[in-house]
Amino acid sequence: MSEIGLRERKKFATKEALSRAALELTIDRGLDATTAEAIAEAAGVSTRTFHNYFSNKEDAVLFMLDKSVQDLVEAFGQRSPEEPVLDSLESILIGFVESADGLEWMIAVTRLMADHPALIARHVALSDSKTDAMLAEIGRRSGTDPDVDLYPRLVYHATGAIARAVLELHINGGNEGAPPRAILADAVRDGYAQLRRGLPQSASVTGEPEEVR
């Protein structure tokens, strides 16, 4: 491994340790009572080191969630341009819930965001640049313009909605009794299946949709 590669791995490990400490402290104490100093101490580094990696505690808590959005953008850019956009996004999201190392972390952060609106606001701010990149790629793939056409934004936000809905169902205990990753992957498939059908009323994995009146 090159010296640069080793250095980057060490930086990522430090960032990950700080983020994990921030998450655990926030779960235990709440966001308001969690400080940069406490996070740094829990991770075994100085407060100065913390600020070298994160601007604030919210960014530290959200690090893995923010990284997952970046990974989604990069993975989408690597898919075949001939593949339908929804197929690409569905495959990427299924791959994430089936194999991502940080899935449990994502579930914990999702729980926290329900109780701390400041984390939601900061997540939206962190995602802005990634959203722009994703919209541009969807537009390029679909022959649409994100500045004037609805399609790129509808597709992008539908994917986010499916991801959130799947995690929320898991958090609320609606899918107990089977391996969580398999359940989440099946829920993602069902989410995209319902999306393709036009979101019929009362659609479910096991039942027929009711007639829309």
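Remarks
- Single condition A40 does not satisfy, out of (1) in contact (Cβ under 8 Å) with a residue 24 or more places away in the chain; (2) over 20 Å from the mean Cα position of the chain (by Cα); (3) assigned to a helix (DSSP H, G or I): (1)
- Hits in the stretch 84-110 - residues which are surrounded by 14 or more Cβ atoms within 10 Å (Cβ to Cβ) and closer than 22 Å to I27 by Cα: A100, G102, L103, W105, M106, I107, A108, V109, T110
- Against the numbered list (1) within 24 Å of the chain's Cα centre (by Cα); (2) farther than 17 Å from L25 by Cβ, E58 comes up short only at (2).
- Yes/no for A38 being out of contact with any Gly (no Cβ under 8 Å at 6 or more places or on another chain), of a type in the set (A, V, I, L, M, F, W, C) and under 24 Å from P117 (Cα atoms): yes
- Look at the stretch 183-196: where a residue is in the same structural domain as G160 (by the TED database) and closer than 15 Å to E98 by Cβ and a partner is of a type in the set (G, A, S) and buried (at least 17 other Cβ atoms within 10 Å of the Cβ), sitting 6+ places away or on another chain with Cβ atoms under 8 Å, you get V188/A163.
Every residue, every condition in (1) over 14 Å from the mean Cα position of the chain (by Cα); (2) more than 23 Å from E82 (Cβ to Cβ), yes or no:
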| position | (1), (2) |
| --- | --- |
| F96 | no, no |
| D101 | no, yes |
| M106 | no, yes |
| H123 | no, yes |
| E137 | yes, no |
| A161 | no, yes |
| L169 | yes, yes |
| R181 | yes, yes |
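- Of all residues in the stretch 126-173 being part of a loop (DSSP other than H, G, I, E, B) and charged (D, E, K, R), the one that is surrounded by the fewest Cβ atoms within 10 Å (Cβ to Cβ): D147
The values are calculated or read from the model by the stated rules, or taken from the named source; none is laboratory data. As the structure is a computational prediction, the values presented were derived from the model and not from experiment. Backbone-built Cβ (ideal geometry, glycine too); neighbour counts: all protein chains shown.
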